[in-house]
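Peer 1: Sharing a structure, written as structure tokens. Questions coming.
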């Protein structure tokens, strides 16, 4: 419980400072948890999976993380703009996020209800989880990279849960001093599955000398193009359906040279606006950071937005978001 409360406090601090920074306020970056805190929270989560809970022995209600990589893609070979993804964000170690506050079973139930109003209008809705698979940390960790990778067993739990929803799993990367490419390659085991996408969080991409929480991260179009090219090659070689590459942003400096971002075959490159605040502020930020040639995403914060926008209001945004993320 102490670890959970500490994780919650750290995440709430991070989110509040992100909101202030997005509005032109705080300039000091929030401090992420230490690798030790992440490890202890991970142990608690994994231990909870081993506790008997009626006829099912794991939180997802599945078979314990086996999955079937050959299962057809829920997008039916296409993703955006024919479909819209409505996803929940976070990780079991991140107590302020919806995936940190809910059990996997509870998250599935809540997600079904949250996604339902987005149906209709001739556009299919796909439910999904945006799991932080690489967490930035305040300390160097075992290899000096200032990040901790999720154990495969944790990823498999959310993968199984997404499959049970006939949905998608996005693996979210906070790389610390590592690189986006190194972390994407490390996730290849899941990326070769037809219903797994990638999300990148430039805020935590701090370079070889930066420190998460003290250095404001960013990403260049060149780095993004390396990742999308790798994904496109994998899609071609493995004959996979389209995948999303979601890029988080909450300020102009999150992505450099955005006009140079490429969208190779099979990769739906999506700029996701992560700003926190009122409807008017979020709408203005979304318009400012969206690019017409790329797909668009929009984040909502249950506890931090000043009046949570309704699904109707979200769908009326221009352009109407392809990817809707609840945190």
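The values are calculated or read from the model by the stated rules, or taken from the named source; none is laboratory data. Predicted, not measured: the structure shown is a model, and the values here were computed from it. All Cβ positions, even for glycine, are placed from backbone atoms using ideal geometry, and neighbour counts span all protein chains on display.
Peer 1: Given the residues 233, 274, which is the only one that is under 19 Å from the mean Cα position of the chain (by Cα) and either over 21 Å from residue 81 (Cβ atoms) or in contact (Cβ under 8 Å) with a residue 60 or more places away in the chain (or both)?
Peer 2: Working: 233 fails: under 19 Å from the mean Cα position of the chain (by Cα).
Result of the check over 233, 274: 274.
Peer 1: Further, regarding this structure: Identify all residues within segment 277-293 that are buried (at least 20 other Cβ atoms within 10 Å of the Cβ), part of a loop (DSSP other than H, G, I, E, B) and either without any contact (Cβ under 8 Å) to a residue 12 or more places away in the chain or touching a helix residue (DSSP H, G or I) at 6+ places or on another chain (Cβ under 9 Å) (or both); write none if there are none.
Peer 2: Matches in segment 277-293: none.
Peer 1: Go through segment 188-209 residue by residue and tally those that are touching a residue at least 40 places away in the same chain (Cβ under 8 Å) and closer than 22 Å to residue 32 by Cα.
Peer 2: 8
Peer 1: Name the single residue, out of those in segment 21-42 being in contact with a helix residue (DSSP H, G or I) (Cβ under 9 Å, 6 or more places away or on another chain) and assigned to a helix (DSSP H, G or I), that is modelled with the lowest pLDDT. Give the steps one after another, and end with the answer.
Peer 2: Our first condition is that a residue be in contact with a helix residue (DSSP H, G or I) (Cβ under 9 Å, 6 or more places away or on another chain); within segment 21-42, this holds for 22-23, 25-33, 37-38, 40-42.
Those left that are additionally assigned to a helix (DSSP H, G or I): 22, 37-38, 40-42.
Values: 22: 40, 37: 97, 38: 97, 40: 97, 41: 97, 42: 97.
Only one residue tops the list, namely 22.
Peer 1: Then there's this: Which of the helices (runs of 4 or more DSSP H) found entirely inside segment 145-218 contain at least 2 residues meeting this: farther than 20 Å from residue 238 by Cβ and at pLDDT 95 or above? Walk me through how you get there before you give the answer.
Peer 2: Numbers: elements: 152-164, 180-186, 188-191.
Where helices (runs of 4 or more DSSP H) fall fully within segment 145-218 and carry at least 2 residues being farther than 20 Å from residue 238 by Cβ and at pLDDT 95 or above, they are 152-164, 180-186.
Peer 1: If you scan segment 133-154, which residues turn out to be surrounded by fewer than 24 Cβ atoms within 10 Å (Cβ to Cβ) and farther than 18 Å from residue 197 by Cβ?
Peer 2: 138, 139, 140, 141, 142, 143, 144, 145, 151, 153
Peer 1: Provide a single number: the residues in segment 85-132 that are surrounded by fewer than 24 Cβ atoms within 10 Å (Cβ to Cβ) and assigned to a loop (DSSP other than H, G, I, E, B).
Peer 2: 9
Peer 1: If you don't mind, there's one more thing I want to ask. What number of residues within segment 296-307 satisfy the criterion of being closer than 16 Å to residue 280 by Cβ and exposed (fewer than 15 other Cβ atoms within 10 Å of the Cβ)?
Peer 2: 2
Peer 1: What residue, of 152, 90, 142, is touching a residue at least 40 places away in the same chain (Cβ under 8 Å) and within 16 Å of the chain's Cα centre (by Cα)?
Peer 2: Values: 152 fails: within 16 Å of the chain's Cα centre (by Cα); 142 fails: within 16 Å of the chain's Cα centre (by Cα).
None of the other options fit; the residue is 90.
Peer 1: Evaluate the following for residue 111: is it in contact (Cβ under 8 Å) with a residue 12 or more places away in the chain and closer than 28 Å to residue 177 by Cα? First the steps, then the outcome.
Peer 2: On the way: in contact (Cβ under 8 Å) with a residue 12 or more places away in the chain: yes; closer than 28 Å to residue 177 by Cα: no.
Judged against the criteria, residue 111 is not a match.
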